[in-house]
Amino acid sequence: MRQKANQNNIRVICLKTHTDRGGEKMGLLGVPENGNGETGVSLALGSKNKYRRMDSELTEDDDDYLREERKSTIRKYVLVCAVFASLNNVLLGYDVGVMSGAVIFIQEDLKITDVQVEVLIGILSIISLLGSLAGGKTSDVLGRKWTMALAALVFQIGAAVMTIAPSFEILMIGRVLAGVGIGLGIMIAPVYIAEISPTISRGSLTSFPEIFINLGILLGYVSNYAFSGLSVHISWRVMLAVGILPSVIVGFALFIIPESPRWLVMQNRVEEARLVLLKTNENEKEVEERLEEILVAAGISNGEKYEEKAVWRELLSPSPSLRRMLVTGFGIQCFQMITGIDATVYYSPEIFKQAGIENNSKLLAATVAVGITKTIFILFAIFLIDKLGRKPLLYVSTIGMTVCLFSLALGQTLLGKGELGIALTILSVCGNVAFFSMGLGPVCWVLTSEIFPLRLRAQAAALGAVGNRVSSGLVAMTFLSVSRKITVGGTFFIFSFISAFAVLFVYKFVPETKGKSLEQIELLFKNEFDWQESEIELGDGERLVEKQ
C-alpha cells in the first residue's frame, strides 16, 4: 500500500549518488545501482515508476504537469483573496436582511413610530456614504488591505452598541457607526479584487462582493426566522449581534491576502508589486506586461513620478474621457438603487402583508424564499460575466426587472388581498431580486472598479459608492411614507418606469469591458463615447484599435 501511495503522490524526486569504498556507485539510501544506472529502489518499483534521476531531463509531459500545478495554485490563491476581501460585504447584506425582520420587534419593544422606522432603516445607507467618501483617500494612504481592516473594526463597534442599546437614540448611534464601517467596506472590496485579479477572470471575481451581499441578506432572513421565537426584548438584539461574526474573520484574513500591486506601484514599491503579480498571474511574461502597464498608468517610468493634479481637483474638473467614465460609473451606481431593490428587500414583510399574509412567521418565511432566490441567481452572473460580457447581462437584468416590477404593481393594484394576489406578489418579488442578482447587482460594482484610471480609481469608485448609498437611503427612508400616500402598487409603478430608463442608460452609456485589462479600459474611454456607432475591439494582449 505504501509503495502504491508513493507512486501516486510523488511526481519527481532527485536521487543522490555517491561512491562506496570499493568504487561501486551507490544510489538513494546506499542501494547499489545496476549497469544501466537503475537503483534497487527503481527495480523494486518497476520500470514505470515516477521517480527521476537528478541528471535526467524534464519531458514535455512534466512541463505540462508543472504548468497546470502552477495555474491551479494561482487560481486557488486569487480565489481565497477575493473571498476574504468580500467578507465585509456580508455585513451590508446581513444588515439589510436582518433589519427587515428585526424592525418588527424593535418597533414593538422600543415603541417607535413608522417615521422612526424609516429613519432607522435608511440612515445606514446615508451615513455609509461618509465611509465611502473617506474610503477613497484612506485606501490611497493606508492601502487597500488595511482599509478593509478598519471597516471591519468600525462595524464591530457599531453592531455592539446596537445590540445593547436601551433606547432609540443609542440604537441610532450604533447604526451610524455601523454605516461608516459598511461604507468603507463596500467601496474598497471591488477595487481591491479588480486590482489583484487576472484579466481573464476579473469579472467573475469582482462579482464576489455582490455574492456576499446576497449571502448576507439570506443569513439575515434566516436569523430573523430562527430567533423570532425569543422574547420581544431579546430577539432583535440577538439578530443584530450575530452580524459581528463575519467582521471578526476579516482580522484573520489580513494574514493571508497581499496588498494590491497597483497600490504598491503608486507607493513606488515596484518589486513588491512584481512579487504579488507573480502570485496572481499564471504567465511570467504577462506579469511583466501588466507591471509595465501599471507603471505607465501610475505615471511612473524608470523610477520617476510625473507631476499631476490633485485627485479631487481632477474629478471636479474632468477631462472629456474622465467625464465619460464618471457618467457611466456614477449613473450605473444610482440606477442600481433607484430601481427599488432596497424597497423590495428591506420592506418585503410589509409588501407581503399588503398582499394578504398576516402571520409574522409566515411573513418571515416568505422573506427567506426571497433571500434564497437572490443568492441562487447571483451564481448565473459568476459563470456568465466573463463569457457573455457585462452589457448583455445588464440588458437581461434591467428588462427582466422592469417586467417584474410592473407585474408587482399590477398585482398590488388590481388583485388586492387573496391567494392569487399573494402568489403574484411572491413571484414578482422573487423574480425582481433574481434578475437584479443576474446583472445590475454584481455588474454595477464590476464596472466601477474597472473603468477609472489607476491614480483616480479608489476615490472615483468612492464617488460612485456615494451615489449608490444616497440613492439607497432615499428609497429606504421614503418607501413607507410614499406607499401610504400612493399605495404600494403606485410606488412600484414608479420603480418600473425608472427600471425602463435604466435599459436606455445601459444602451447609451455603458461600454463592454470584457477581456480588457484595466489599463486598456482607460484607453477605451479616450475614444468616441457613442458605443453603437464606433465599436471598439480590444483583445487582452492587443493595443487599442478603432474599427473604421
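Take the eigenvalues of the Cα gyration tensor for segment 77-146, scale each by 5, and report the square roots as semi-axes in whole Å, largest first. Kindly include the intermediate steps, with their values, before the conclusion.
Working: eigenvalues 202, 56, 9 Å².
Computed over segment 77-146, the values are 32, 17, 7 Å.
Each label point was placed 7 Å from the Cα along the Cα-to-Cβ direction; for Glu272 and Ile376 their separation is 4.5 nm.
Enclosing the Cα atoms of segment 74-190 in their convex hull gives a volume equal to 95 cubic angstrom per residue.
Convex hull over the alpha-carbon atoms of segment 406-531: what's its volume per residue in Å³? Intermediate values should be presented prior to the final figure.
Numbers: hull volume 14.3 nm³, N = 126.
Taking the convex hull of the Cα positions in segment 406-531, it is 113 Å³ per residue.
In segment 484-523, one over the average inverse separation of all distinct C-alpha pairs is 12.9 Å, which is the Kirkwood hydrodynamic radius.
Once you've got the Cα coordinates, tell me which of Lys374/Lys417; Lys111/Lys137; Lys353/Lys391 are over 29 Å apart. Before the final figure, lay out the partial values.
Values: Lys374/Lys417 25 Å; Lys111/Lys137 40 Å; Lys353/Lys391 36 Å.
Cα-Cα > 29 Å for Lys111/Lys137; Lys353/Lys391; rest within.
Place a point 7 Å from the Cα of Ile486 along the Cα-to-Cβ direction; which residues of segment 322-353 have their backbone N under 15 Å from it? Flagged as within label range: 338-340.
With the simple model of a label 7 Å out from the Cα in the direction of the Cβ, Glu292 to Leu420 spans 6.8 nm. Taking 7 Å steps out from each Cα toward its Cβ at Glu68 and Thr113 produces label points 6.9 nm apart. More than 15 angstrom separation, counting every C-alpha pair in segment 414-468; what % is that? Taking all Cα-Cα pairs of segment 414-468, the fraction more than 15 Å apart is 62 percent.
Averaged over its residues, segment 121-183 has an accessible area of 33 Å² per residue, based on protein heavy atoms and a 1.4 Å probe. Over segment 205-304, what percent of the accessible surface lies on carbon and sulfur atoms, probe 1.4 Å? Solvent-exposed carbon and sulfur of segment 205-304 make up 64 percent of the total. Taken over segment 363-406, the percentage of Cα pairs per 5 Å bin, counting from 0 up to the bin with the maximum distance, is 5, 19, 20, 24, 18, 9, 4, 1. Peptide packing for 124-135, 87-98, 399-410 was compared via the average number of neighbouring C-beta atoms within 10 Å per residue; ordered from the highest value, the list is 87-98, 124-135, 399-410. Label 7 Å along Cα→Cβ of Leu142; segment 180-209 residues with amide nitrogen under 11 Å? Counting backbone N atoms under 11 Å from the label point, the list is 181, 184-185. The base-10 log of I(q)/I(0) for segment 304-428, evaluated at q = 0.19, 0.20 Å⁻¹, reads -1.10, -1.17 [Debye formula, identical scatterers on Cα atoms, solvent excluded].
The values are calculated or read from the model by the stated rules, or taken from the named source; none is laboratory data. Please read these numbers as outputs of a predicted model, since none were measured by experiment. With ideal geometry, Cβ positions are generated from the backbone for all residues, glycine too; neighbour counts draw on all protein chains shown. Areas reflect the complete protein model, heavy atoms only, side chains present, ligands, DNA and RNA absent. Shrake-Rupley method; radii C 1.70, N 1.55, O 1.52, S 1.80 Å.
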